[in-house]
1. Could you sort 378-390, 302-314, 223-235, 264-276 so that the peptide with the highest average Cβ count within 10 Å comes first and the rest follow in order?
2. Tell me, what ³J(HN,Hα) does each residue in the stretch 479-486 have, in order and in whole Hz, if you take phi through Karplus 6.51 cos²θ - 1.76 cosθ + 1.60 with θ = phi - 60° and put x for Gly and Pro?
3. How large is ³J(HN,Hα), in whole Hz, for each residue of the stretch 93-106 in order, when computed from phi with the Karplus curve 6.51 cos²θ - 1.76 cosθ + 1.60 and θ = phi - 60°, using x for Gly and Pro?
4. Name all residues of the stretch 523-555 having a backbone nitrogen under 13 Å from the label point set 7 Å from the Cα of SER509 along its Cα→Cβ direction, giving them as ranges.
5. Report the rotationally averaged projected area of the chain based on its alpha-carbon convex hull, in square nanometres.
6. On each of the three principal axes of the Cα atoms of the stretch 337-442, give max minus min coordinate, whole Å, ordered largest first.
7. Of all the C-alpha pairs in the stretch 93-234, what % are more than 26 Å from each other?
8. Largest first, what is the accessible-area ranking of ILE262, ILE196, ILE494 with a 1.4 Å probe?
Amino acid sequence: MSAISHSVRLARIDFQRMLRNHTDWRDGTSSLLGVVMYAVLVVIGTLGGGYLGYRLGDSLGAGIPELGQFTPIEVVRGVLALFWLMLTLVFVLRAVGQRGTLPQPEGVLTVVPTSQALVGLLLAEYAYFLLWLFPPAAGIGIGFTVGTGVVWPALAVPLAVAAAGIGSISVGYPLGLSIRHVASRFEFIARHKPAIIGVVFVGYFLALASGAWDRLMIQLFEPMQQSPIGWYADLLFLGTPALNASSPQAGGAIALTAALVILAVIGGTRIADRHWFSDPALAKTETPTPTEEPVAPGIEQRLAPILGLATASLITLSWRRARRSPLKLLYAFYPLLLLAGLFASIVRTGNIPAYLPFAVLVFAAWAAGVIFTLNPLGDQGAVLSSTLLSRVDGRTFVRAHLLAGLVVAIPVGTLATAVVAVLSPVNQQTVIALVATTPFVMVASAALSIGIGVAFPRFEATKVTQSMKTVLPSRWAFLLFTLYLFATITAGAILYDPVVGDTLADLLSWVLPLGLSVSAGTLVLVAAMLLVPLALSPILSYRYAVKQFDNYALP
């Protein structure tokens, strides 16, 4: 069998393993819902991309004015080149994480050379990328062709997306493998890995909040626009009117991709040869003695007379788990990344926008719902069977997890909302309403999330780094909880501020095909009708969680 056949077979095995992990019907509804979610996202991306391409192609018929000192195609080159950098960073992180090692490396590397194993992994990464983005790219290309009346985009758009993705993987994977080697083979870094990860995370957030990240992107715009990476824009818009894409540079994008693949194989083989055949450094961390307690031993005794021994024990156990595995709490702060640009603007101008108190309220609701209640069964781990066989009933179990998060989240969330509201330009009545509403919103959020978490538990640990694993809520729990918050926020905003309804009505009327339109009055009526079931959902979710725990059977 030839070398390329070995690599293709390894890639096919890796790809089939991934498909089995997500489509194994023996895993119950989780795998089925994962397939449904993939199908829905791809269909929405393809159809939505096709419509977006059509509208964009139709608007290009009127021409595009020059933007400052740059022509339209130069602007597109710079923007797409920056997106290419972000995509490359994603594949760097994938290589640093789980994708930086071979499944069953002892068996694979004794059968095939390192180069063939590496090419197999690269081919699998290419396939994963195309599996997600090629259908939407094809939809955009077809829509663009219909909108412009030019045939080329139907071929050029998916070809450009595929070429850019393959080039990005070819750069990102070897670079990520190098970082993984340094992080896992040097004792100092292995010993201080949690602290280094924390510093990197805080540094990234500070860069976003201070505007340093934005300034970096501005500084990189012109160099990236002039670099060969910008040629992917010429391939993407080849033959498109009003953009004047360069045919030689479009061909150069294909040649660039081929060159990056060759360099990835040559350079990646050398890196993989050193990394896969070396032993990881030992962190040499000291093992804590059994007498060490992460949480003060008197807390359970203080809570027991007030809440009962079972409730106090469950609350204390939740806090201990959070203390021992703080990484599992980091996802509660994901929404802060969306506000990083806003924080940078506040630092520069000193002005707090009027909508920020509402954003803080939303973040408080998110945090209250995900800290301890979005995966209560999975967080039990190996002691779940003991908990189910104990005298703990569903009401005690659910209330304990609600209290474990809310006793911390409500004071912090209410104080944060109050401080931001007082410093913002909103009137006094709004400040009082926000502060008074925050605890109730957080309680409702936690009650809703615990029902979702019980319905979609996750028991297997997720590999955060090479040597660190933690149990995170399932994808469907995250998705459904986020959709609930989004629907509630949208409906409430439409009823609270008429400007929101008018803006959404105009946006929907612009997006809808066949001349369809939506009025602001219709949106107000729909929002009012939706708020009733949305307001009742936390109560129903709480009762469902109690009943489900009482009747739960281990799989």
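The values are calculated or read from the model by the stated rules, or taken from the named source; none is laboratory data. Please read these numbers as outputs of a predicted model, since none were measured by experiment. Cβ coordinates were reconstructed from backbone atoms using ideal geometry, including for glycine residues, and neighbour counts include every protein chain displayed. What goes into the accessible areas is simple: the full protein's heavy atoms, side chains included, and nothing from ligands, DNA or RNA. Shrake-Rupley method; radii C 1.70, N 1.55, O 1.52, S 1.80 Å.
1. By packing density, highest mean first, the sequence is 223-235, 264-276, 302-314, 378-390.
2. 5, 5, 5, 5, 4, 4, 4, 4
3. Ordered by residue, 3J(HN,Hα) equals 5, 4, 5, 5, x, 5, 7, x, 9, 8, x, 6, x, 4 Hz.
4. Answer for this model: 523.
5. Over all viewing directions, the chain projects a mean Cα-hull area of 30.2 nm².
6. 57, 28, 14
7. That tail contains 49 percent of the Cα-Cα pairs.
8. I get ILE262, ILE196, ILE494, largest accessible area first.
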